[in-house]
1. Checking Ser158 against (1) surrounded by 14 or more Cβ atoms within 10 Å (Cβ to Cβ); (2) in contact with a helix residue (DSSP H, G or I) (Cβ under 9 Å, 6 or more places away or on another chain): exactly one of these is not met. Which one?
2. What do you reckon, is Met71 farther than 23 Å from Ala34 by Cβ and either in a strand (DSSP E or B) or at pLDDT 90 or above (or both)?
3. Residues that are in contact with a Pro (Cβ under 7 Å, 6 or more places away or on another chain), crowded, with 19+ Cβ neighbours inside 10 Å and either under 30 Å from Leu53 (Cα atoms) or touching a residue at least 60 places away in the same chain (Cβ under 8 Å) (or both): does region 100-107 have at least one?
4. Within region 201-210, is there a residue that is small (Gly, Ala, Ser) and either over 21 Å from Glu273 (Cα atoms) or touching a residue at least 24 places away in the same chain (Cβ under 8 Å) (or both)?
5. Residue by residue through region 114-137, note down the ones that are more than 20 Å from the chain's Cα centre (by Cα), over 25 Å from Asp176 (Cβ atoms) and loosely packed, with under 14 Cβ neighbours inside 10 Å.
6. With respect to the numbered conditions (1) in contact with a helix residue (DSSP H, G or I) (Cβ under 8 Å, 6 or more places away or on another chain); (2) under 21 Å from Glu273 (Cα atoms); (3) not hydroxyl-bearing (Ser, Thr, Tyr), which one is the sole condition not fulfilled by Lys217?
7. Checking the conditions here, which among Lys286, Lys196, Lys222 is within 25 Å of Lys128 (Cα to Cα), in contact (Cβ under 8 Å) with a residue 60 or more places away in the chain and surrounded by fewer than 19 Cβ atoms within 10 Å (Cβ to Cβ)?
8. Confirm whether Asn181 is under 20 Å from the mean Cα position of the chain (by Cα) and buried (at least 24 other Cβ atoms within 10 Å of the Cβ).
Amino acid sequence: MERYLNRAKTLVEALPYIQKFNNKIVVIKYGGSAMIDENLKESVIKDISLMKLVGMKPVVVHGGGKKINEMLAKVGIVSKFIDGLRVTDDETMEIAEMVLSGNINKNIVQLFQQQGIKAVGISGKDGKTISAKKMLLEGKDLGWVGEIENICPELLISLIEDDFVPVVAPIATDDDNNTYNINADYVASAIAGALKAEKLVYLTDVEGVLRDVHDKKSLISKINIKDIEKYKEKEIITGGMIPKIDNCAKSIEEGVNSVHILDGRMEHSLLLEVFTNSGIGTMIFK
């Protein structure tokens with residue numbers, strides 16, 4: 001009997017959050033292990049499907065670096081890197097678009113539809129949703145690696161209003177119809193800002209922001225954006241977490257209410273963060 005009471009308590013605890021976030025847009029950046037492990041993949045899609053069914057309006061932005069690496073290896077293309085970033089030549093760009101806009105994107109759509117959720121897969125090319133320009137790294141040319149110039153949210157808004165879950169591949173074009181691959185974190189941040197989303201959630205392979213990277217119990221559950229520079233100075237926010245946190249702050253300045261960094265390796269981490277009192281990741285807020 002106690003087990004059933006605990007389940008009931010969990011549902012009651014979720015009720016105010018279901019009411020609060022009803023009809024609100026939530027952008028989810030889907031990547032890392034949660035895209036590779038089949039059990040985690042199913043768990044994430046079910047979590048997002050439940051969010052949709054209780055009245056939220058999810059938008060999914062996905063990456064796919066590991067799948068791109070696998071396909072490049074299969075066709076015998078050896079990648080060049082500058083300061084850890086892949087140089088994307090014509091052949092690499094063709095493979096990246098095929099994997100991101102084709103294989104990965106449509107697989108995610110299919111998983112949603114297996115749960116009875118209407119979903120549509122697009123890339124930034126569709127409806128000119130993402131306009132980009134060539135990104136230079138300290139003057140170095142990385143090929144067809146882009147940075148975002150503009151988000152046109154009309155297609156996304158139309159899909160959301162028609163009760164679809166948009167699934168977005170991080171591919172974009174410029175005014176000369178060149179194709180660019182863009183970091184999915186940046187795409188999720190920009191789309192969340194353009195849609196004035198209630199939440200932006202990053203599913204990652206880290207627990208969140210830790211005071212001590214060697215102590216998983218040192219998770220910082222909430223960070224006000226005014227304290228971000230202080231955490232950088234204390235070297236609590238370092239390395240690859242810096243651009244992610246800067247993206248979080250930018251999204252909030254553009255109108256997103258809160259940003260969450262979650263460990264996508266934990267089953268149902270999305271539901272625990274969104275629908276419970278304690279949460280499990282790091283929330284960035286203003």
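The values are calculated or read from the model by the stated rules, or taken from the named source; none is laboratory data. On a predicted model such as this, the values are computed, not experimentally measured, just so you know. No Cβ is skipped: glycine too gets one built from the backbone with ideal geometry, and neighbour counts run over all protein chains shown.
1. For Ser158, the failing item is (1).
2. Numbers: farther than 23 Å from Ala34 by Cβ: no; either in a strand (DSSP E or B) or at pLDDT 90 or above (or both): yes.
Here the answer is no, as Met71 does not meet what is asked.
3. Pass one, region 100-107, residues in contact with a Pro (Cβ under 7 Å, 6 or more places away or on another chain): 100.
Okay, now just the ones that are also crowded, with 19+ Cβ neighbours inside 10 Å, so 100.
Remaining after also requiring either under 30 Å from Leu53 (Cα atoms) or touching a residue at least 60 places away in the same chain (Cβ under 8 Å) (or both): 100.
Within region 100-107, one or more residues are in contact with a Pro (Cβ under 7 Å, 6 or more places away or on another chain), crowded, with 19+ Cβ neighbours inside 10 Å and either under 30 Å from Leu53 (Cα atoms) or touching a residue at least 60 places away in the same chain (Cβ under 8 Å) (or both).
4. Looking only at region 201-210, we keep the residues that are small (Gly, Ala, Ser), and these are 208.
This time we only want the ones that are either over 21 Å from Glu273 (Cα atoms) or touching a residue at least 24 places away in the same chain (Cβ under 8 Å) (or both), so: 208.
Scanning region 201-210, I find at least one residue that is small (Gly, Ala, Ser) and either over 21 Å from Glu273 (Cα atoms) or touching a residue at least 24 places away in the same chain (Cβ under 8 Å) (or both), so the answer is yes.
5. Within region 114-137, Gln114, Gly116 meet the criteria.
6. Result: Lys217 passes all but (1).
7. On the way: Lys286 fails: within 25 Å of Lys128 (Cα to Cα); Lys222 fails: within 25 Å of Lys128 (Cα to Cα).
The match here is Lys196.
8. Values: under 20 Å from the mean Cα position of the chain (by Cα): yes; buried (at least 24 other Cβ atoms within 10 Å of the Cβ): yes.
When the stated conditions are applied, Asn181 passes them.
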